Amino acid sequence: MNKQLLKSQVLGATLLLLLGCGVINSQETNDGWETMYNGNDLNGWTTKVHHYEVGDNYADTFRAEDDMVKVRYDKYEGDFNNRFSHLYYDKPFSDFHFTVQYRFVGELYKGAPEYTILNSGVMFHSQDPQTMLKEQDWPISVEIQFLAGVEEGKERPTGNMCSPGTDVIFEGKIDPRHCINSTSDTYYGDQWVTAELVVYHDSLVKHIINGKTVLEYTKPQIGGEVANGYDPKMKQDGRLLKEGFIALQSEGQPIDFRAIKIRNLKGCTDPKAINYKEYYEVSDTKTCIYN
């Protein structure tokens, strides 16, 4: 047996072993959609809870149960104490289409800020959780914010944009507001809502709720306020955000996340290459492979 064949067989066997052991959690379909949550555990994800070190999933804030990622507080002790938390996918993205289904459940934890009732979200273009300090509350990132209606008949849109330590260009200029409301409907109770993000590096961002585009903006960049306790080296105001990490949020309100998927939109767009994909929208010619 030649050495190259032996090497190929060993690599193949190793890959199968890793798959069997659950080390490789994501699964990619022919149309490019990658399942980010394996349905069994939180392998491939990293927690960061305010007041705790990276990787400390305090009181099982994030749980893998019933084929969902659940956010719960029944093991917390004392007041909420601003224990804002985030669960990060361990792979950064620049150009992507992300989708998740969420529903709010249960009651707001005692002592959590009033504004966090029926409030959560997903951070993207976030700093690496490994760069966050123990006393940092929110990551420097952009957020698609999820809200549900509190009072019948009072509008409370979801799919909004919030900007901890960042700025965006909205309607032609940097918008000074921390959060920009979307044009979505208001959703009440514990119904499932589908949220999507379409992000093109440091260019265009689209928020989509139940199939309807509800917000668009451009040029996400470091700047603004709200995030606290960060390493000053991480906040270079004015730097455009071309890529970053994606994180599910916990702010004191129980919530469920399911059907968490992503499709990379950046790759080889040359049909002559063997790794060409029709769904690539952003060209990365250096990745092209030819026979």
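The values are calculated or read from the model by the stated rules, or taken from the named source; none is laboratory data. None of these values were measured; they are calculated from a predicted model. In this analysis, Cβ positions are derived from the backbone assuming ideal geometry, glycine residues included, and neighbour counts consider all displayed protein chains.
Residues that are more than 18 Å from Val69 (Cβ to Cβ), in a loop (DSSP other than H, G, I, E, B) and among the polar types (S, T, N, Q): does segment 166-178 have at least one? Lay out the reasoning, then the answer.
First pass over segment 166-178, keeping only residues more than 18 Å from Val69 (Cβ to Cβ): 166-178.
Now restrict to residues that are in a loop (DSSP other than H, G, I, E, B): 171-172, 175-178.
Keeping just the survivors that are among the polar types (S, T, N, Q) gives none.
Scanning segment 166-178, I find no residue that is more than 18 Å from Val69 (Cβ to Cβ), in a loop (DSSP other than H, G, I, E, B) and among the polar types (S, T, N, Q), so the answer is no.
Checking the condition within 23 Å of Ser126 (Cα to Cα), of a type outside the set (Gly, Ala, Ser), at pLDDT below 60 and surrounded by 10 or more Cβ atoms within 10 Å (Cβ to Cβ), which residue from Asn57, Asn43, Asn25, Asn38 passes?
Result: Asn25 is the single residue among Asn57, Asn43, Asn25, Asn38 that is within 23 Å of Ser126 (Cα to Cα), of a type outside the set (Gly, Ala, Ser), at pLDDT below 60 and surrounded by 10 or more Cβ atoms within 10 Å (Cβ to Cβ).
So which residues in segment 244-291 are crowded, with 16+ Cβ neighbours inside 10 Å, more than 19 Å from Asn30 (Cα to Cα) and charged (D, E, K, R), if there are any at all?
Glu251, Asp256, Arg258
Filter segment 175-231 down to the residues that are among the acidic types (Asp, Glu) and within 21 Å of Phe245 (Cα to Cα) and list them by number. Let's see the steps before the verdict.
Residues of segment 175-231 that are among the acidic types (Asp, Glu), as a first pass: 175, 185, 190, 196, 202, 216, 225, 231.
The answer is Glu196, Asp202, Glu216, Glu225, Asp231.
If only one of Gln127, Gln145 is touching a helix residue (DSSP H, G or I) at 6+ places or on another chain (Cβ under 7 Å), crowded, with 22+ Cβ neighbours inside 10 Å and under 30 Å from Tyr279 (Cβ atoms), which one is it?
Gln127 is the lone residue from the list that is touching a helix residue (DSSP H, G or I) at 6+ places or on another chain (Cβ under 7 Å), crowded, with 22+ Cβ neighbours inside 10 Å and under 30 Å from Tyr279 (Cβ atoms).
Limited to segment 32-66, what total is found for residues that are among the hydrophobic types (A, V, I, L, M, F, W, C) and farther than 18 Å from Ser85 by Cα? Full working, then the answer.
So the first thing to find is which residues in segment 32-66 are among the hydrophobic types (A, V, I, L, M, F, W, C), and the list is 33, 36, 42, 45, 49, 54, 59, 62, 64.
Imposing the further condition that a residue be farther than 18 Å from Ser85 by Cα reduces the set to 33, 36.
Summing the residues that are among the hydrophobic types (A, V, I, L, M, F, W, C) and farther than 18 Å from Ser85 by Cα in segment 32-66 gives 2.
Anything in segment 86-115 that is of a type outside the set (A, V, I, L, M, F, W, C) and more than 24 Å from Val205 (Cα to Cα)? List them, or say none.
Residues of segment 86-115 that are of a type outside the set (A, V, I, L, M, F, W, C), as a first pass: 86, 88-92, 94-95, 97, 99, 101-103, 106-107, 109-111, 113-115.
Result: Gly106, Glu107, Tyr109, Lys110, Gly111, Pro113, Glu114, Tyr115.
(1) of a type outside the set (A, V, I, L, M, F, W, C); (2) more than 15 Å from Asp190 (Cα to Cα); (3) in contact (Cβ under 8 Å) with a residue 40 or more places away in the chain; (4) part of a loop (DSSP other than H, G, I, E, B): which one isn't true of Gln130, the others all being true?
Status for Gln130: all satisfied but (4).
Give me a count of the residues in segment 109-124 that are outside any strand (DSSP E or B), buried (at least 16 other Cβ atoms within 10 Å of the Cβ) and either at pLDDT below 95 or of a type in the set (Val, Ile, Thr) (or both). Quick ask: steps written out before the conclusion?
Filtering segment 109-124 down to residues outside any strand (DSSP E or B) leaves 109-118.
Next, only the ones that are buried (at least 16 other Cβ atoms within 10 Å of the Cβ) stay: 109, 112, 116-118.
Okay, now just the ones that are also either at pLDDT below 95 or of a type in the set (Val, Ile, Thr) (or both), so 116-117.
Residues that pass the stated criteria total 2.
Which fully enclosed strands (runs of 3 or more DSSP E) of segment 193-291 have 2 or more residues being free of Cβ contacts under 8 Å to residues at least 24 places away in the same chain? Step through it out loud before you land on a result.
Values: elements: 193-200, 204-209, 212-222, 245-250, 255-264.
Counting at least 2 such residues, we get 204-209, 212-222.
Six or more apart or on different chains, Cβ atoms under 9 Å: show the pairs whose first residue is in segment 155-178 and of a type in the set (Phe, Trp, Tyr) and whose second is assigned to a loop (DSSP other than H, G, I, E, B).
Qualifying pairs under 9 Å: Phe170/Arg177.
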